[in-house]
Amino acid sequence: DALRRKVLRKIDLRTIPCVMLLYLACFVDRSNIGNAKVAGLERDLHLKGIQFNIALSAFTITYIIVKIPSNHILRKVGAKFWLPFLVFCWGVVTVFSAFMSNYASLLAVRAVLGFCEGGLQPGVILYLSSLYKPEELQLRVGLSFCSTALSHILGGFLAFAIHRRMDGFAGKGAWSWIFIIEGTLTIFVAVVVWFFLCSSIETAPYLTPSEREFAAETLPSLDDERNTLHLEEFEWFECRRAFLEPQVWLIAAAQLFSSLPYIPALVTVIASALLADRWRIRGPIVLACVPVGIIGYLMLIFSKSTGTRYAAFFFVVSGLYPAIPCLVCITPINTSGVVKRATCVGIQGMIQGLSILIGPFIYIKGEPEVKGHKIALGLTCGAWALTAANVLYCHFENSRKASGRRDHLVAQYLEQFRAGQTRAPIGDRSPNFYFTL
């Protein structure tokens with residue numbers, strides 16, 4: 001209705017630009033290592049063989065392990081503090097990257113950078129899922145991801161300008177100035193976002209008291225108060241439920257396989273997000289888009305024509321890029337219970353982070369590109385198959401709930417509640433909670 005649209009517009013105008021800035025800072029910093037390589041980092045640090053590839057993967061361990069703890073810290077301290085704090089930290093690390101002198105210092109910096117960056121993506125997804133209904137979520141995630149397009153443009157432009165104008169300035173190479181300038185901009189973004197971001201609807205100063213009350217009443221789904229991340233106490237029992245949730249493993253693995261060719265395709269991202277939210281489906285959108293990317297990889301493998309291979313690039317990015325927001329949204333939509341959802345989103349981010357470990361070794365300097373294309377094709381086919389498996393699983397569970405074959409979960413939950421195993425709401429165990437396909 002009109003009031004909901006008014007409230008949504010206010011939330012969007014205050015939240016989405018902040019999240020886009022956070023993602024922008026993330027992906028600019030993510031790509032600056034490649035730009036620094038072009039500007040002479042590999043030469044000045046005397047890197048040999050695949051040392052640069054190893055350095056690209058150095059932060060993967062800390063990047064992965066920090067995701068679940070980071071989400072639970074966010075629940076306690078609030079998104080307003082935690083998300084800008086993470087960005088501020090990696091901005092500082094990026095600035096200090098300018099003073100690396102050898103391979104060991106590069107590895108150390110990358111490990112610390114992974115520790116700082118790891119919590120952003122799952123934290124943003126958890127935060128947005130606390131502000132929007134499931135049918136409103138993916139469009140906002142898609143819009144946030146669109147800032148990656150600007151990050152590639154901005155990062156490349158800054159690197160080019162710095163390389164042309166500042167190489168050798170104050171006795172430092174162009175790659176050092178790339179880290180100093182982009183890290184300083186990241187710190188600035190963190191400070192700006194801290195002033196504007198709100199942790200929850202209840203603390204949103206841009207909403208009137210009546211609007212905050214209305215938003216809080218219309219947002220919760222079943223017993224799960226999505227807009228109050230801090231109310232539910234941490235429980236290891238709920239974390240165990242998260243690790244035993246089949247969907248999180250299927251979708252996270254599918255996301256791992258499809259996220260390697262991570263190049264922007266703005267039109268298809270927005271179009272797929274609009275359709276997914278309108279039709280309230282996610283997996284079928286992925287199943288429709290990914291084959292377009294598969295066709296692109298087949299063209300890259302079998303064609304020798306430069307024009308055809310260039311066209312294949314558009315197939316790959318148009319097919320795979322819109323799948324990422326869909327896969328990201330399935331987990332927070334289909335898991336209920338704040339502790340379980342925070343843990344599931346963290347698990348998904350951990351598995352997705354493995355792509356950063358695998359990616360640098362798919363395309364290795366000196367090896368035929370077609371080998372990398374074949375590996376990426378296999379992973380993309382795996383993503384399609386795993387997504388199809390998750391759609392079938394959700395359909396299977398929904399049909400069982402509709403026929404009453406999952407009613408016993410209520411009694412099981414009540415028994416666990418009385419035994420003191422959990423104080424969380426019934427959440428996705430409820431027979432009335434249906435999974436989004």
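The values are calculated or read from the model by the stated rules, or taken from the named source; none is laboratory data. The model shown is predicted, which means the values in this text are computed figures rather than measured ones. Note that each Cβ is placed from the backbone with ideal geometry, even for glycine, and that neighbours are counted across all protein chains shown.
Within segment 387-404, count every residue that is without any contact (Cβ under 8 Å) to a residue 60 or more places away in the chain and either within 24 Å of residue 282 (Cβ to Cβ) or surrounded by 13 or more Cβ atoms within 10 Å (Cβ to Cβ) (or both). Step through it out loud before you land on a result.
Quick first cut of segment 387-404, residues without any contact (Cβ under 8 Å) to a residue 60 or more places away in the chain only: 392, 395-404.
Checking the rest, the ones that are also either within 24 Å of residue 282 (Cβ to Cβ) or surrounded by 13 or more Cβ atoms within 10 Å (Cβ to Cβ) (or both) come to 392, 395-403.
Residues that pass the stated criteria total 10.
Kindly indicate which of 388, 424 is assigned by TED's automatic domain parsing to the domain that holds residue 281, among the hydrophobic types (A, V, I, L, M, F, W, C) and either on the phi > 0 side of the Ramachandran plot or assigned to a loop (DSSP other than H, G, I, E, B) (or both).
424
Restrict the check to segment 43-53 and report whether at least one residue is at pLDDT below 90, of a type in the set (Lys, Arg), under 15 Å from residue 175 (Cβ atoms) and assigned by TED's automatic domain parsing to the domain that holds residue 213. Give the steps one after another, and end with the answer.
Here is the first cut: in segment 43-53, the ones at pLDDT below 90 are 43-53.
Retained after the next criterion (residues that are of a type in the set (Lys, Arg)): 43, 48.
Pick out the ones that are also under 15 Å from residue 175 (Cβ atoms) and you get 43.
Checking the rest, the ones that are also assigned by TED's automatic domain parsing to the domain that holds residue 213 come to 43.
Within segment 43-53 (the criterion being at pLDDT below 90, of a type in the set (Lys, Arg), under 15 Å from residue 175 (Cβ atoms) and assigned by TED's automatic domain parsing to the domain that holds residue 213), the answer is yes, since at least one residue qualifies.
Please determine, by comparing only the residues of segment 34-51 that are assigned to a helix (DSSP H, G or I) and free of Cβ contacts under 8 Å to residues at least 24 places away in the same chain, which one is nearest to residue 118 (Cα to Cα).
34
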Given (1) closer than 26 Å to residue 66 by Cα; (2) surrounded by 17 or more Cβ atoms within 10 Å (Cβ to Cβ), number of the condition residue 384 does not satisfy | (1)
Filter result for residue 86 (buried (at least 20 other Cβ atoms within 10 Å of the Cβ), closer than 21 Å to residue 196 by Cβ and outside the structural domain of residue 364 (by TED's automatic domain parsing)) = yes
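Being of a type outside the set (Lys, Arg), surrounded by 24 or more Cβ atoms within 10 Å (Cβ to Cβ) and under 14 Å from the mean Cα position of the chain (by Cα) is true for just one of 354, 327. Which residue is that? Working first, answer last.
Details: 354 fails: surrounded by 24 or more Cβ atoms within 10 Å (Cβ to Cβ).
Of 354, 327, the one residue that is of a type outside the set (Lys, Arg), surrounded by 24 or more Cβ atoms within 10 Å (Cβ to Cβ) and under 14 Å from the mean Cα position of the chain (by Cα) is 327.
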Are any residues in segment 282-317 more than 19 Å from the chain's Cα centre (by Cα) and aliphatic (A, V, I, L, M), and if so, which ones?
-> 287, 288, 292, 294, 295, 298, 299, 300, 301, 311, 312, 316
